[in-house]
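These notes are about the structure you will find just below.
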Amino acid sequence: MNRIIIAIVVVVLILTFGILNEVYIHNSFNEISVRCVEIRKHIEVHDYETAKALAKDSVEWWNKRRNVLEFTCPHNEIKDFMTNLASLHGAIYAENYQDALSISLSLEQDAKTRLGLLKFAPKNIF
């Protein structure tokens with residue numbers, strides 16, 4: 001009887017951590033996608049200082065999320081994304097706004113693509 005209870009507790013813990021991981025991944029990539037859209041909108045209206053501040057804030061925000069994501073996801077997926085996000089911040093800082101627009105569009109799509117690859121779905125299992 002004790003073994004059955006232990007097995008049930010273990011299964012419940014595994015399912016709970018799996019669901020929490022899915023929510024964390026989903027929220028992280030959706031939020032960074034929204035941040036990229038905000039940055040792009042500020043660049044398009046020539047509000048470069050706000051765009052620069054948002055880009056810097058996004059890099060810092062992603063650094064905090066990155067530790068958990070690297071624990072649960074393939075490292076290369078997360079490191080590559082961080083590099084691209086830093087490129088966006090660098091392009092804005094260097095006042096290369098055309099490149100920043102391109103990078104922000106690319107990052108937005110990249111976030112959606114990586115979310116699709118990292119989420120729990122039958123196509124990702126088989």
- Apart from one, (1) among the polar types (S, T, N, Q); (2) within 12 Å of the chain's Cα centre (by Cα); (3) surrounded by 16 or more Cβ atoms within 10 Å (Cβ to Cβ) all hold for residue 21; the odd one out is (2)
- Message: Let me spell it out: the conditions are (1) open to solvent by less than 80 Å² (accessible area, probe 1.4 Å); (2) in contact with a helix residue (DSSP H, G or I) (Cβ under 8 Å, 6 or more places away or on another chain), and residue 102 meets all of them except one. Which number is the exception?
- Response: (2)
- Message: For a quick check of your reading of the model, give me the residue pairs whose first member lies in the stretch 15-28 and is touching a residue at least 60 places away in the same chain (Cβ under 8 Å) and of a type in the set (A, V, I, L, M), whose second is open to solvent by less than 90 Å² (accessible area, probe 1.4 Å) and in a helix (DSSP H, G or I), with beta-carbon atoms closer than 8 Å and at least 6 apart or on different chains.
- Response: 25/69; 25/72; 25/115; 25/118
- Query: Taking helices (runs of 4 or more DSSP H) that do not extend beyond the stretch 25-126, which have at least 3 residues that are at pLDDT 85 or above and of a type in the set (A, V, I, L, M)?
  - Reply: 48-72, 75-93, 97-118
- Message: Here's a check for you: in the stretch 29-45, which residue that is surrounded by fewer than 16 Cβ atoms within 10 Å (Cβ to Cβ) and in contact (Cβ under 8 Å) with a residue 40 or more places away in the chain is farthest from residue 109 (Cα to Cα)?
- Response: 44
- Task: Give the residue, chosen from 43, 32, that is farther than 30 Å from residue 122 by Cβ and in contact with a Phe, Trp or Tyr (Cβ under 9 Å, 6 or more places away or on another chain).
- Result: 43
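The values are calculated or read from the model by the stated rules, or taken from the named source; none is laboratory data. Nothing here was measured: the structure is a model prediction, and the numbers come from that model. Neighbour counts are summed over all protein chains in view; Cβ atoms, including those assigned to glycine, are modelled from backbone coordinates with ideal geometry. The protein model used for the area step is the full one, side chains on, heavy atoms only, and it has no ligands, DNA or RNA in it. Shrake-Rupley method; radii C 1.70, N 1.55, O 1.52, S 1.80 Å.
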